[in-house]
1. Can you name the residue in segment 93-112 that is assigned to a loop (DSSP other than H, G, I, E, B) and charged (D, E, K, R) and is also most open to solvent (accessible area, probe 1.4 Å) among such residues?
2. Among the residues of segment 183-199, which ones are open to solvent by less than 70 Å² (accessible area, probe 1.4 Å) and not small (Gly, Ala, Ser)?
3. Select the strands (runs of 3 or more DSSP E) contained entirely in segment 1-55, then report the ones holding at least 1 residues which are over 21 Å from Ala85 (Cα atoms) and more than 30 Å from the chain's Cα centre (by Cα).
4. I want to confirm something. Restricting to segment 150-167 and keeping residues that are aliphatic (A, V, I, L, M) and at pLDDT 95 or above, which single residue is farthest from Ile86 (Cα to Cα)?
5. Which one is most open to solvent (accessible area, probe 1.4 Å) among residues in segment 204-238 that are β-branched (Val, Ile, Thr) and closer than 20 Å to Leu148 by Cβ?
6. Show the residue pairs meeting these rules: Cβ distance below 7 Å; 6+ apart or different chains; first residue within segment 22-43 and free of Cβ contacts under 8 Å to residues at least 12 places away in the same chain; second residue open to solvent by 70 Å² or more (accessible area, probe 1.4 Å).
Amino acid sequence: SHPGIKAVQKMAEPGPFDKGPQPVENQFVVTVAGNVPVGVYEARAVGKYGTSNPRAFSVGDIAEAIESEPNNKLEEATEVTQPAAINGQSNSAGDVDYFKFTAAARQRITVTGYASAIDSPLDMVVVVYDEKGRQLGSSRDGLREDSLVDFTTPAAGDYFLKVHDAAYRGSADYVYRLHVGVLPVIDFVFPPAARAGGNRPFTVYGRNLPGGQPAGLTVDGRPLEKISANIPIPGGAA
């Protein structure tokens with residue numbers, strides 16, 4: 001759904017009886033231009049028999065990490081460097097995935113999980129532990145259809161994430177993404193509407209906002225910040 005995202009058939013090296021590189025069945029190499037905004041896009045396959053239904057495709061601006069099995073135990077945790085976008089999969093019933101990252105003291109870390117937003121049936125549960133195994137926070141998919149754990153590191157050291165389906169279901173379709181690090185999260189914007197045309201003033205509320213000031217509000221006991229912004233609102237029929 002964006003012209004800056006392109007896909008070509010993946011090709012394999014030719015065999016001894018092939019005249020050239022051979023296509024790899026059902027696999028494509030996707031390139032994303034640098035001017036593609038961060039967000040979730042639609043991906044479709046178009047072929048001889050028509051067009052497929054859309055599936056979600058995420059574009060980010062932080063380092064990508066991929067889950068490495070086995071990581072079903074704390075001591076087997078996949079190590080990542082935050083900030084990171086972690087791509088994982090609850091690939092069988094009972095699967096539990098662990099990830100490990102290092103953080104400095106007094107960092108406000110946000111862990112945002114995406115499952116429903118990227119067409120996954122996973123009912124995600126995310127739990128955060130320190131290196132002594134003490135739970136620092138947890139979250140399950142909420143009304144926003146994603147998980148959010150917001151915590152401040154008590155000391156410098158290693159921290160662990162545990163991810164699993166709420167009912168411990170799993171298959172190849174049970175994929176997810178995690179954004180972990182000192183990353184901004186927007187909770188809401190006020191006012192929630194504006195007249196079309198021109199720059200309009202808004203107040204953005206959230207966590208780790210660049211230049212954010214205390215908002216005097218809390219969500220689940222965690223303080224929010226706010227910033228003022230003028231946002232251009234399109235005019236006309238569009």
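1. Arg106
2. Leu183, Val185, Asp187, Val189, Pro191
3. Where strands (runs of 3 or more DSSP E) fall fully within segment 1-55 and carry at least 1 residues being over 21 Å from Ala85 (Cα atoms) and more than 30 Å from the chain's Cα centre (by Cα), they are 5-12, 22-32.
4. Checking each candidate, the answer is Ala155.
5. Thr218
6. Pairs found: Gln22/Met11.
The values are calculated or read from the model by the stated rules, or taken from the named source; none is laboratory data. What you see is a predicted model, and the numbers here were worked out from it, not measured in a lab. Virtual Cβ from ideal backbone geometry, glycine too; neighbours counted across all protein chains shown. The accessibility values were calculated without ligands, DNA or RNA, using every heavy atom of the protein model including side chains. Shrake-Rupley method; radii C 1.70, N 1.55, O 1.52, S 1.80 Å.
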